[in-house]
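Novice: Take a look at the following structure, please.
The values are calculated or read from the model by the stated rules, or taken from the named source; none is laboratory data. Source: prediction; values computed, not measured. FYI the Cβ positions are ideal-geometry reconstructions off the backbone, even for glycines, and counts take in every protein chain you see.
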Amino acid sequence: MAKALLEVEKLANYINGEWAEGKEFTSVINPATGEQVVQVPLSGGKAVNEAVQAAKVAQKEWALTPAPQRAEVLYEVGRIMKERKEHLAKLLTLENGKVLEEARGEVQEGIDMAFYMAGEGRRLFGQTTNAELKDKFAMSMRAPIGVVGIITPWNFPIAIATWKSFPAIVAGNAVIWKPATETPIMAFELAKIYEEAGLPKGVINVVYGSGSTVGDAMVHHDDIRVISFTGSNETGSHIAAECGRQLKKVSLELGGKNAVIVMDDADIDLAVEGIIWSAFGTSGQRCTACSRVIVHEDVKEQLEQRLLTEMEKLTIGNGLDEDVKVGPIINDAGMEKIKKYMEIGKQEGAKLLAGGYPLTEGNLAKGNYFAPTLFSDVTGDMRIAQEEIFGPVVSLIPVKSFEEAIEVNNNVTYGLSSSIFTSDVNRVFKAQRDLDTGIVYVNAGTTGAEIHLPFGGTKGTGNGHRDSGVQALDVFTEWKAVYVDYSGKLQRAQIDVD
Ligand code: UN1
């Protein structure tokens, strides 16, 4: 399958418009089968430096290219991605494991982002405003930053790369991109698409390798002026500290501990659908995945029963099979982490209602599969209700009131996504005000962010920046204030005002 879709057995870095062969490699493993899909180079600081030198040269020219012309490349990127959607989706399932339907959705997210950001080529709005002195003009405008670094995760290898690279490129920057070594194929494919779309050489450069070599070299390179990272809190706070020392701008999208609140007046069938989709879709490996259900005690029994019935129906296996709804876990480390939380949950006294174990029957033995899991009678302070597990595991927390539900939702270190199922309009408005996450859903699960809105979270989920939406441009541009005095004389601000 991989051979039919990929014309290479080894991937190559893409630096200055050339495919640069690596020396050392590691295997990319299909998590559904344990088979090798391709080999990916493990580069070092030298490749990063070469990429930065090329990017610096290319960026000067690119920044002078009118933004609507820069955008033409993104329209073409979007067109090619659309044409190649099925091919990209299959490769994505091979390297990441997510089921084909979701892989198609992720590629679509990238296509949407291409056309949306291409439109920014004719906007990139600044503001004109009044000056405080006569015959003086004032305006603010966006300026590109220069060479920017993006470090992307394995769970959304193409969508997140588009959230970061498209705004960077339309705004006139050049990009050094380190994709996750688990899922490098999407970067290889997107680099080819950029090339075919006519992006000048050096504007995007892909360097494969580990965080401790390539990532570290990017974070410490003087000429990379922004790092945009999506991944774990541990790595994110390390990057932030290193960037802080160098006064380097850094945008972080980190973990989540997202909850669905189910009130006593909720449409329970709809809530069940929303929970199943947002908790077990992508096998729970989304930053936005629902991992807590905060349920009003009056509907707890009913919700539990309905969830158990629907969980039974979930089909688990290789995501290339269109009938499968839940795919594998990315790797052994992911499996170990989930297993560890099973023990923690039991020790804490949570009631295990379903799942809790790896699936090893028949063909499943070859991949990494974990049974959809439901813990009940969880309290908000338990570790399984506080820490990100990144797997198909839900903790049900009963509460007595709406106010308590909001409090439990907010009482975690993360703040990415939250959701409430209720039919009371007053509760809807109170909830969207009081839930302290960056994304709030009403009568829908915790996943499904659309690209033209800001994506990101509060508290431990990040550092105040946002991916996607027009807000992503703030990460990749500097605001420049420009004053034009056409009075022909010296006018001193704040002094010559009368
Ligand atoms: C992520 O999990 O890091 O809202 C991204 C969603 C998707 C993006 C998830 N559109 O679930």
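Novice: Taking the conditions exactly as written (surrounded by 24 or more Cβ atoms within 10 Å (Cβ to Cβ), of a type outside the set (Lys, Arg) and either more than 30 Å from residue 71 (Cα to Cα) or not assigned by TED's automatic domain parsing to the domain that holds residue 120 (or both)), does residue 468 satisfy them or not?
Specialist: No, not satisfied.
Novice: Another question, if that's okay. Given the conditions (1) touching a residue at least 60 places away in the same chain (Cβ under 8 Å); (2) under 30 Å from residue 174 (Cβ atoms), which single one is not true for residue 474?
Specialist: Condition (1) is where residue 474 drops out.
Novice: Would you check if residue 318 is within 16 Å of the ligand (Cβ to nearest atom) and either closer than 23 Å to residue 455 by Cβ or in the same structural domain as residue 361 (by TED's automatic domain parsing) (or both)?
Specialist: no
Novice: Sticking with this structure for a sec: Might you check whether a residue that is farther than 21 Å from residue 224 by Cβ and either basic (Lys, Arg) or without any contact (Cβ under 8 Å) to a residue 40 or more places away in the chain (or both) occurs anywhere in the stretch 39-56?
Specialist: Yes: one or more hits.
Novice: So, in the stretch 102-125, of the ones that are in contact with a helix residue (DSSP H, G or I) (Cβ under 9 Å, 6 or more places away or on another chain) and over 20 Å from residue 197 (Cβ atoms), which residue ends up farthest from the ligand (Cβ to nearest atom)?
Specialist: By that ranking, first place goes to 123.
Novice: Hey, another quick one. Answer yes or no: is there a residue in the stretch 481-495 that is surrounded by fewer than 16 Cβ atoms within 10 Å (Cβ to Cβ), touching a residue at least 24 places away in the same chain (Cβ under 8 Å), in contact with a Ser or Thr (Cβ under 6 Å, 6 or more places away or on another chain) and not in a loop (DSSP other than H, G, I, E, B).
Specialist: yes
Novice: Then there's this: Would you mention how many residues in the stretch 130-163 are within 15 Å of the ligand (Cβ to nearest atom), more than 9 Å from the chain's Cα centre (by Cα) and not hydrophobic (A, V, I, L, M, F, W, C)?
Specialist: Result for the stretch 130-163: 1.
Novice: Answer yes or no: is there a residue in the stretch 267-279 that is under 20 Å from the mean Cα position of the chain (by Cα), within 16 Å of the ligand (Cβ to nearest atom), outside the structural domain of residue 211 (by TED's automatic domain parsing) and surrounded by fewer than 24 Cβ atoms within 10 Å (Cβ to Cβ).
Specialist: yes
Condition check ((1) more than 20 Å from the chain's Cα centre (by Cα); (2) closer than 20 Å to residue 467 by Cα; (3) part of a loop (DSSP other than H, G, I, E, B)) across all residues:
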{"site": "182", "(1), (2), (3)": "no, no, yes"}
{"site": "200", "(1), (2), (3)": "yes, no, yes"}
{"site": "209", "(1), (2), (3)": "no, no, yes"}
{"site": "218", "(1), (2), (3)": "no, yes, no"}
{"site": "227", "(1), (2), (3)": "no, yes, no"}
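Novice: Report yes if some residue within the stretch 240-249 is away from the ligand (no atom under 16 Å from the Cβ) and assigned to a strand (DSSP E or B); otherwise report no.
Specialist: For the stretch 240-249, residues away from the ligand (no atom under 16 Å from the Cβ) and assigned to a strand (DSSP E or B): present.
Novice: Could you give me the residue pairs with C-beta distances under 6 Å whose first residue belongs to the stretch 438-450 and is more than 21 Å from residue 116 (Cβ to Cβ), whose second residue is within 11 Å of the ligand (Cβ to nearest atom) and among the β-branched types (Val, Ile, Thr) wherever it lies, and which are 6+ apart or on separate chains?
Specialist: Qualifying pairs under 6 Å: 446/288.
Novice: Residues in the stretch 164-190 that are of a type in the set (Ser, Thr, Tyr) and within 14 Å of the ligand (Cβ to nearest atom): how many?
Specialist: Going through the stretch 164-190 one residue at a time, the tally reaches 1.
Novice: Answer yes or no: is there a residue in the stretch 430-437 that is surrounded by 15 or more Cβ atoms within 10 Å (Cβ to Cβ) and within 13 Å of the ligand (Cβ to nearest atom).
Specialist: yes
Novice: Tell me which residues, restricted to the stretch 379-426, are under 18 Å from residue 443 (Cα atoms), touching a strand residue (DSSP E or B) at 6+ places or on another chain (Cβ under 6 Å) and assigned to a helix (DSSP H, G or I).
Specialist: Within the stretch 379-426, 405, 409 meet the criteria.
Novice: Quick one: which residue in 497, 412, 408, 470 is out of contact with any helix residue (DSSP H, G or I) (no Cβ under 6 Å at 6 or more places or on another chain) and at pLDDT below 95?
Specialist: 497
One line per residue, one yes/no per condition, for (1) surrounded by fewer than 24 Cβ atoms within 10 Å (Cβ to Cβ); (2) in a helix (DSSP H, G or I):
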site	(1), (2)
142	yes, no
150	no, no
153	yes, no
157	no, no
160	no, yes
164	no, yes
168	no, yes
177	no, no
